[in-house]
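I have placed the structure first, in the form of C-alpha cells, so that the comments after it can refer back to it.
The values are calculated or read from the model by the stated rules, or taken from the named source; none is laboratory data. Remember, predicted model here, so these are calculated numbers, not experimental data. All Cβ positions, even for glycine, are placed from backbone atoms using ideal geometry, and neighbour counts span all protein chains on display.
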Ligand SMILES: Cc1cc2nc3c(=O)[nH]c(=O)nc-3n(C[C@H](O)[C@H](O)[C@H](O)COP(=O)(O)OP(=O)(O)OC[C@H]3O[C@@H](n4cnc5c(N)ncnc54)[C@H](O)[C@@H]3O)c2cc1C
C-alpha cells in the first residue's frame, strides 16, 4: 500500500523500511494508532535487497538465515510460502583442496576454534579490548582468521571488541531463501503504509510533538521508531534536535564495517561442485571468499570484507571483478578469466542510506548496543541490527529489535502488545 505523501500528523512515524522498520510496522498493525513508515529509498528492505537475474534472485545484502533453527524469519518465510534451502554453507572448506590440504583445513579449523575459545574465556573474565590481542602470536593462520573477520564483522579483529564478539549467538545452522532474502523482507513489508523517496533529515524534539523534516514536507508524530544505520546517526545525516549526547556516543562506538558481494556467471560450471567454497590466498587477510555454484546455479558469488572491500569500492565497481579474476586465475588457471563475467556488485559503503554493511562494536564499546536502545523521553525508540546484543549484524536481529521497539511504543501509548488499552491506563 505505498503512499505518495506523508500525512502531516501521525501517532507513530517509523523511519526506515528495512527489516527493523517492517517488523515494527507489522507489530503496530493491529493497534488503534496512525502509523506511517518514512523511507529514503524507492523500495522496501534496506540492506536486505534482492536483484533479479533471469528470474533468479541475487541477494546484494543479507543472504543467509543465520541461526536458522531459531530464526524468527525462517518460520515466517515458510508461513508466507517462501521456499528455504537447507544446504549447509561451505565456508569452512576449500574446493579441490586448492593450496589447502585436508590437514591444513583441519588445522585452520582448530586454530579458529582455539581463538574463539580464548575470546570466550577472556569475555568470561570480564576482559575487554581488541579481539586481535588474542591471536596466537606464532599462529600461521592469523591472516586467514582476519579474512574471516572481514566477512563476519566487516572489519579486522583489531577493531572488534572481545566482549561484543563473544556475545553474538550462532547456533551454527544456516539456511537460505531460494527466491532471495531481500524479496522476503520486501514481501513482509508490502502491505504497510510506506512513503518512498522520503528521507528524514531532522527530528525536532523541542516541543510536545516530534516534528520531522522530510524531503516531502513536515510530519508531526507523537512517537518515532528510528531504524536507520548507525553510520547515518553518527554523521548526523539525520539529526536529532536538541542532540542526545548519549546516543551520539553510543553510535560512534558501533561503526558499520564493509562487506561487498560480486555475483558472476561462470561458463562450464559443471567443473565445480555445487555449493562449494574457495578462499583466495592463505597468507593475507586481503583476500576474498568465492562461493561456487550457489544453489547449484552456474554462478560464483565473491565476498570481500573490511579494508579490502573499502579499498576496492574507492577504486570503483570494476575493481571488484578485476580482483576476483586475478585471484581465481591464480587458483584455477588463466582460462577462468574467459569463463567468468560480472552480473551485480554491491556498493554499500558509497550507498547514501547505508554507508557500510553491518555494525561492529569497537574495543571498549561492548555496552553501546544496550545504551543505544534506551528510549529517548519515552517517545523516540531506536531499533535495527546495531541494537541487537546477540544477533547484531543480521536481518533477524534487526527484525527482533523492530518488534521490541514497537512494544515499547505501545507501552508508551498505554497499549498492550496486542494493541489493546491496558487496564487502568487513560
Ligand atoms: C553484503 C551484506 C551481506 C549480509 N549478509 C547477511 C546475512 O547473510 N544474514 C543476515 O542475517 N544479515 C546479513 N547482512 C546484514 C543485514 O542485511 C542487516 O543487518 C539488516 O538488513 C539491517 O536491517 P535494519 O532494518 O537494521 O537496517 P536497514 O536495512 O539499513 O534499514 C534502514 C532503512 O532506513 C532507510 N533510511 C536511512 N536513512 C534514512 C533517512 N534519513 N530517512 C528515511 N529512511 C532512511 C534506509 O534506506 C533503509 O531502508 C548482510 C549485509 C550486507 C550489506
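All told, residue 410 falls short of being away from the ligand (no atom under 12 Å from the Cβ) and either over 20 Å from residue 38 (Cα atoms) or not in a helix (DSSP H, G or I) (or both).
Listed residues 369, 338; which is outside any loop (DSSP other than H, G, I, E, B) and either in the same structural domain as residue 244 (by TED's automatic domain parsing) or within 16 Å of the ligand (Cβ to nearest atom) (or both)? Talk me through it step by step, then tell me what you get.
Values: 338 fails: either in the same structural domain as residue 244 (by TED's automatic domain parsing) or within 16 Å of the ligand (Cβ to nearest atom) (or both).
Exactly one of 369, 338 is outside any loop (DSSP other than H, G, I, E, B) and either in the same structural domain as residue 244 (by TED's automatic domain parsing) or within 16 Å of the ligand (Cβ to nearest atom) (or both), namely 369.
Within region 322-329, is even one residue free of Cβ contacts under 8 Å to residues at least 12 places away in the same chain and within 21 Å of residue 229 (Cα to Cα)? No; the residues of region 322-329 include none that is free of Cβ contacts under 8 Å to residues at least 12 places away in the same chain and within 21 Å of residue 229 (Cα to Cα). Any chance region 211-221 includes a residue that's in contact with a helix residue (DSSP H, G or I) (Cβ under 6 Å, 6 or more places away or on another chain) and touching a residue at least 24 places away in the same chain (Cβ under 8 Å)? The answer is no; no qualifying residue exists.
Considered as a group, the residues in region 178-206 that are out of contact with any strand residue (DSSP E or B) (no Cβ under 6 Å at 6 or more places or on another chain) and not in a loop (DSSP other than H, G, I, E, B) include one that is nearest to residue 234 (Cα to Cα), and that residue is 189. The sole residue among 42, 59, 79, 54 that is within 13 Å of the ligand (Cβ to nearest atom) and surrounded by fewer than 16 Cβ atoms within 10 Å (Cβ to Cβ) is 42.
Every listed requirement among (1) within 20 Å of residue 391 (Cα to Cα); (2) touching a residue at least 40 places away in the same chain (Cβ under 8 Å); (3) touching a helix residue (DSSP H, G or I) at 6+ places or on another chain (Cβ under 9 Å); (4) surrounded by 14 or more Cβ atoms within 10 Å (Cβ to Cβ) is met by residue 171 save one, (4).
Residues in region 279-304 that are farther than 19 Å from residue 343 by Cα and crowded, with 17+ Cβ neighbours inside 10 Å: 279, 280, 282, 285, 286, 287.
Regarding region 207-224, can at least one residue be identified that is more than 11 Å from the ligand (Cβ to nearest atom), in a loop (DSSP other than H, G, I, E, B) and farther than 23 Å from residue 25 by Cβ? Yes, there is a match, as at least one residue in region 207-224 is more than 11 Å from the ligand (Cβ to nearest atom), in a loop (DSSP other than H, G, I, E, B) and farther than 23 Å from residue 25 by Cβ.
Here residue 118 clears all of (1) surrounded by 13 or more Cβ atoms within 10 Å (Cβ to Cβ); (2) out of contact with any strand residue (DSSP E or B) (no Cβ under 6 Å at 6 or more places or on another chain); (3) in a loop (DSSP other than H, G, I, E, B) except the condition numbered (3). Listed by position, the strands (runs of 3 or more DSSP E) inside region 270-319 whose residues that are touching a helix residue (DSSP H, G or I) at 6+ places or on another chain (Cβ under 6 Å) and farther than 17 Å from residue 330 by Cβ number at least 1 are 276-279, 299-305. Which of the residues that make up region 375-394 are within 10 Å of the ligand (Cβ to nearest atom) and closer than 20 Å to residue 160 by Cβ? Passing the criteria: 384, 385, 386, 387, 388, 391, 392, 393, 394.
Say whether the condition of being touching a strand residue (DSSP E or B) at 6+ places or on another chain (Cβ under 9 Å) and more than 12 Å from the ligand (Cβ to nearest atom) is met by at least one residue in region 20-29.
The answer is yes, given that some residue of region 20-29 is touching a strand residue (DSSP E or B) at 6+ places or on another chain (Cβ under 9 Å) and more than 12 Å from the ligand (Cβ to nearest atom).
The residue list 330, 322, 350 contains one member that is part of a helix (DSSP H, G or I) and either buried (at least 19 other Cβ atoms within 10 Å of the Cβ) or in contact with a helix residue (DSSP H, G or I) (Cβ under 9 Å, 6 or more places away or on another chain) (or both), which is 322.
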